[in-house]
1. In segment 23-33, how many residues are within 22 Å of Trp52 (Cα to Cα) and exposed (fewer than 15 other Cβ atoms within 10 Å of the Cβ)?
2. In this structure, does Ile20 turn out to be surrounded by 12 or more Cβ atoms within 10 Å (Cβ to Cβ), touching a residue at least 40 places away in the same chain (Cβ under 8 Å) and not basic (Lys, Arg)?
3. Where residues in segment 1-15 are assigned to a helix (DSSP H, G or I) and exposed (fewer than 14 other Cβ atoms within 10 Å of the Cβ), which of them is modelled with the highest pLDDT?
4. Out of curiosity, is Gln112 at pLDDT below 95 and either in contact with a Gly (Cβ under 7 Å, 6 or more places away or on another chain) or part of a helix (DSSP H, G or I) (or both)?
5. Give the residue that is nearest to Val104 (Cα to Cα), with candidates limited to residues of segment 17-47 that are touching a helix residue (DSSP H, G or I) at 6+ places or on another chain (Cβ under 6 Å) and part of a helix (DSSP H, G or I).
Amino acid sequence: MINLETFALVILIVQIAHSIEELATGFHKRWYLRKLSFNTFLLFEIVHNIFWISVVLFKEFPLRSELLFFFIALMFANGVQHLVWFGTEKKYVPGLITAPIHVVLFLLFFFQFVKFV
(Lines give C-alpha, C1' and ligand atoms only; values in the text may rest on other atoms or scores of the structure.)
Protein backbone atom coordinates (compact mmCIF):
# COMPACT_ATOMS: atom_id res chain seq x y z
CA MET A 1 0.00 0.00 0.00
CA ILE A 2 1.33 3.40 -0.98
CA ASN A 3 0.69 6.13 1.59
CA LEU A 4 -0.61 9.67 1.13
CA GLU A 5 2.86 11.26 1.24
CA THR A 6 4.25 8.93 -1.42
CA PHE A 7 1.34 9.57 -3.78
CA ALA A 8 1.68 13.31 -3.22
CA LEU A 9 5.43 13.17 -3.90
CA VAL A 10 4.95 11.24 -7.16
CA ILE A 11 2.18 13.63 -8.23
CA LEU A 12 4.41 16.58 -7.35
CA ILE A 13 7.16 15.22 -9.61
CA VAL A 14 4.61 14.81 -12.42
CA GLN A 15 3.35 18.35 -11.75
CA ILE A 16 6.83 19.80 -12.10
CA ALA A 17 7.22 17.96 -15.42
CA HIS A 18 3.74 19.22 -16.37
CA SER A 19 4.76 22.81 -15.59
CA ILE A 20 7.88 22.44 -17.73
CA GLU A 21 5.78 21.03 -20.59
CA GLU A 22 3.33 23.94 -20.34
CA LEU A 23 6.10 26.53 -20.20
CA ALA A 24 7.88 24.97 -23.18
CA THR A 25 4.76 24.66 -25.34
CA GLY A 26 3.14 28.05 -24.89
CA PHE A 27 0.31 27.33 -22.47
CA HIS A 28 0.30 31.01 -21.49
CA LYS A 29 -0.63 31.98 -25.07
CA ARG A 30 -3.24 29.28 -25.70
CA TRP A 31 -5.19 28.86 -22.46
CA TYR A 32 -8.88 29.28 -23.23
CA LEU A 33 -9.72 31.24 -20.07
CA ARG A 34 -7.10 33.97 -20.30
CA LYS A 35 -3.93 34.72 -22.19
CA LEU A 36 -0.96 35.56 -19.97
CA SER A 37 2.51 36.91 -20.50
CA PHE A 38 5.24 34.32 -20.25
CA ASN A 39 6.70 36.06 -17.18
CA THR A 40 3.34 36.09 -15.39
CA PHE A 41 2.78 32.42 -16.12
CA LEU A 42 6.36 31.55 -15.11
CA LEU A 43 5.90 33.41 -11.80
CA PHE A 44 2.63 31.56 -11.18
CA GLU A 45 4.30 28.19 -11.86
CA ILE A 46 7.24 28.99 -9.58
CA VAL A 47 5.03 30.10 -6.68
CA HIS A 48 2.58 27.22 -7.22
CA ASN A 49 5.31 24.59 -7.28
CA ILE A 50 7.28 26.05 -4.36
CA PHE A 51 4.12 26.03 -2.26
CA TRP A 52 3.35 22.38 -3.06
CA ILE A 53 7.00 21.35 -2.63
CA SER A 54 6.83 22.90 0.84
CA VAL A 55 3.62 21.08 1.70
CA VAL A 56 4.95 17.74 0.49
CA LEU A 57 8.43 17.98 2.03
CA PHE A 58 7.83 19.74 5.35
CA LYS A 59 6.14 17.29 7.71
CA GLU A 60 5.15 20.08 10.12
CA PHE A 61 3.36 22.17 7.47
CA PRO A 62 0.01 23.38 8.92
CA LEU A 63 -2.97 21.28 7.73
CA ARG A 64 -0.55 19.13 5.75
CA SER A 65 -2.73 16.02 5.41
CA GLU A 66 -5.73 18.04 4.26
CA LEU A 67 -3.59 19.97 1.79
CA LEU A 68 -2.08 16.75 0.40
CA PHE A 69 -5.57 15.36 -0.26
CA PHE A 70 -6.53 18.68 -1.85
CA PHE A 71 -3.35 18.68 -3.99
CA ILE A 72 -4.07 15.20 -5.30
CA ALA A 73 -7.65 16.19 -6.17
CA LEU A 74 -6.48 19.48 -7.71
CA MET A 75 -4.00 17.73 -9.99
CA PHE A 76 -6.74 15.27 -11.02
CA ALA A 77 -8.95 18.23 -11.96
CA ASN A 78 -6.03 19.79 -13.84
CA GLY A 79 -5.51 16.57 -15.79
CA VAL A 80 -9.20 16.26 -16.62
CA GLN A 81 -9.31 19.90 -17.70
CA HIS A 82 -6.50 19.30 -20.20
CA LEU A 83 -8.24 16.22 -21.59
CA VAL A 84 -11.51 18.12 -22.02
CA TRP A 85 -9.65 21.00 -23.66
CA PHE A 86 -8.03 18.50 -26.04
CA GLY A 87 -11.48 17.06 -26.75
CA THR A 88 -12.78 20.44 -27.83
CA GLU A 89 -9.72 21.37 -29.94
CA LYS A 90 -9.00 17.91 -31.40
CA LYS A 91 -5.27 18.72 -31.46
CA TYR A 92 -2.39 18.96 -29.00
CA VAL A 93 -2.91 21.45 -26.20
CA PRO A 94 -0.04 22.52 -23.93
CA GLY A 95 0.25 20.09 -21.02
CA LEU A 96 -1.51 17.20 -22.76
CA ILE A 97 1.41 14.77 -22.55
CA THR A 98 1.68 14.85 -18.75
CA ALA A 99 -1.99 15.56 -17.90
CA PRO A 100 -3.22 11.96 -18.27
CA ILE A 101 -0.58 10.85 -15.77
CA HIS A 102 -2.33 13.01 -13.16
CA VAL A 103 -5.62 11.28 -13.93
CA VAL A 104 -4.12 7.79 -13.71
CA LEU A 105 -2.31 8.55 -10.45
CA PHE A 106 -5.47 9.98 -8.93
CA LEU A 107 -7.46 6.89 -9.91
CA LEU A 108 -4.80 4.63 -8.40
CA PHE A 109 -4.87 6.69 -5.21
CA PHE A 110 -8.66 6.83 -5.10
CA PHE A 111 -9.21 3.10 -5.56
CA GLN A 112 -6.50 2.25 -3.04
CA PHE A 113 -8.00 4.71 -0.55
CA VAL A 114 -11.56 3.46 -1.05
CA LYS A 115 -10.46 -0.16 -0.62
CA PHE A 116 -9.15 0.63 2.89
CA VAL A 117 -11.99 2.85 4.12
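1. Within segment 23-33, residues that are within 22 Å of Trp52 (Cα to Cα) and exposed (fewer than 15 other Cβ atoms within 10 Å of the Cβ) number 1.
2. Answer is no for this residue.
3. Ile13
4. For Gln112, the condition - at pLDDT below 95 and either in contact with a Gly (Cβ under 7 Å, 6 or more places away or on another chain) or part of a helix (DSSP H, G or I) (or both) - is met.
5. Checked segment 17-47; the qualifying residue nearest to Val104 (Cα to Cα) is Ser19.
The values are calculated or read from the model by the stated rules, or taken from the named source; none is laboratory data. Everything numeric in this text was worked out from a predicted model, so none of it was measured. Every residue, glycine among them, receives a Cβ derived from its backbone with ideal geometry; neighbour counts consider all protein chains shown.
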